[in-house]
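We did not get these values from a lab; they are worked out from the coordinates using the rules stated. Keep in mind that this is a model prediction, so the values were computed, not measured. Methodologically, a virtual Cβ is constructed for each residue, glycine included, from the backbone with ideal geometry; neighbour enumeration extends over all protein chains shown.
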Amino acid sequence: MNKIFTLAAASLLLVSCSQKPKTAAEPTEPATITWIEDKPGPSFQDHRIFPNVPDSLWEALGLQDGVPSSISCFLLKADGETILLDAGLGAPFSQALPKLQELGVNPDSLKLVYITHMHGDHIGGLLKEGEKVFPNAELWINSVEANAWAAMETDNANLPKAVLEAYKDNLHLFEAGDTLAGGVKTIAAYGHTPGHTVFQKDSILVIADLLHGAALQLEHPEYCPAFDMDQEAATEARLRILKYARENKLTMFGMHLPSPGYIE
Ligand SMILES: [Zn+2]
């Protein structure tokens, strides 16, 4: 079963009403977000992914089997919009498409995809044999992220470049701080990749790869996975966003959090 996280509608309405009276025409349905585990789990990240963590700490945290993890994406329903947040790996074992079908979303009907960053486990599912998997979707990516990968000459930039090319007629670049359709706020969390972005809708905070290994990094946010491209910036972003989530009592949904895909 897919877990559906529904916001506390009553408290939201109270907040809204105290600020501005609602009219009958305004949507009152609370946003929902569904965890889509793309790689059949359970997954564990081994110590080599966090090379700076001493053996003693790794063992003290009980991580001998690795950090519990997943490769996931999310389906957000907000203000009448249905939005896929990242697209998974697109590997032969990938579950994102059949799970979307179960949720009543087929590749042709999907209209909006928002991308947190352009690593392969987040954008691989956008292409199949070089063709668009979601032919009618508008694809939204942070301009910093898209431009950085477009300018890179390394092999791991090939997939991002292929995605940008395939979706060029439906590609939209946003700036951090913009609010996208569905009332989704975009927040810069640069470091994991040049334009790594987290998304907020009310008390839902989609943190992408900010916590790559939650069982380690919640207590020790100073440790970066080898995948953090700019470790200093990634650590600053992790500290800043975790503080923001705590202060605002947000629920964090992450692409590598283990089941059920969120932390309150
Ligand atoms: Zn990732």
message: I need to check one value: relative contact order of the range 175-261, counting alpha carbon pairs closer than 8 Å and at least 6 residues apart, in percent.
response: 30 percent
- request: Kindly put Trp140, Trp58 in sequence by how many other C-beta atoms sit within 10 Å of each C-beta, fewest to most.
  value: Trp58, Trp140
- request: Putting +1 on Lys and Arg Cβ atoms and -1 on Asp and Glu Cβ atoms, find which of Ala208, Asn147, Leu75 reaches farthest to the positive end of the dipole of the chain.
  value: Leu75
- request: Return a whole-number percent for the relative contact order of the chain, with Cα pairs under 8 Å and 6 or more residues apart as the contact set.
  value: 18 percent
- request: Return the Rg/Rh value of the range 30-71, two decimal places, where both radii are evaluated on C-alpha atoms and Rh is the Kirkwood radius.
  value: 1.17
query: Which of the listed residues, Gly66, Met255, Leu164, is farthest toward the dipole's positive end in the chain, when Lys, Arg count +1 and Asp, Glu count -1 at the beta-carbon?
result: Met255
query: For the residue pair Leu173 and Thr154, what label-to-label distance in nm results when each label sits 7 Å from Cα along the Cα-to-beta-carbon direction?
result: 2.0 nm
- prompt: Can you put Tyr244, Tyr167 in order, fewest other beta carbons within 10 Å first?
  reply: Tyr244, Tyr167
Overall dimensions of the range 120-264 by Cα: Rg and Dmax, Å: 15.3, 44
- prompt: Of Thr197, Thr82, Thr154, which is the most mobile in a GNM of the chain whose springs link Cα atoms less than 10 angstrom apart?
  reply: Thr154
- request: With the cut-off at 28 Å, report for the chain the share of all Cα pairs above it, as a whole percent.
  value: 32 percent
task: Would you work out the relative contact order for the range 24-178, in percent, from Cα pairs under 8 angstrom that are 6 or more residues apart?
output: 19 percent
message: Give me the dipole magnitude in Debye, nearest 20, for the range 67-177 about the Cα centre, with unit charges on the beta carbon: positive for Lys and Arg, negative for Asp and Glu.
response: 200 debye
- line: Put in order of increasing Cβ neighbours within 10 Å, starting from the fewest, Phe50, Phe253 give Phe50, Phe253
query: Given 0.36 nm per residue, what is the gain on full extension from Asp108 to Lys185 after removing their alpha carbon distance, in nm?
result: 25.2 nm
field: For the range 195-264: span of alpha carbons on each principal axis (Å, largest first)
entry: 30, 23, 22
message: Charges at C-beta only: +1 for Lys and Arg, -1 for Asp and Glu. How large is the resulting dipole of the range 30-263 about its Cα centre, in Debye rounded to 20?
response: 540 debye
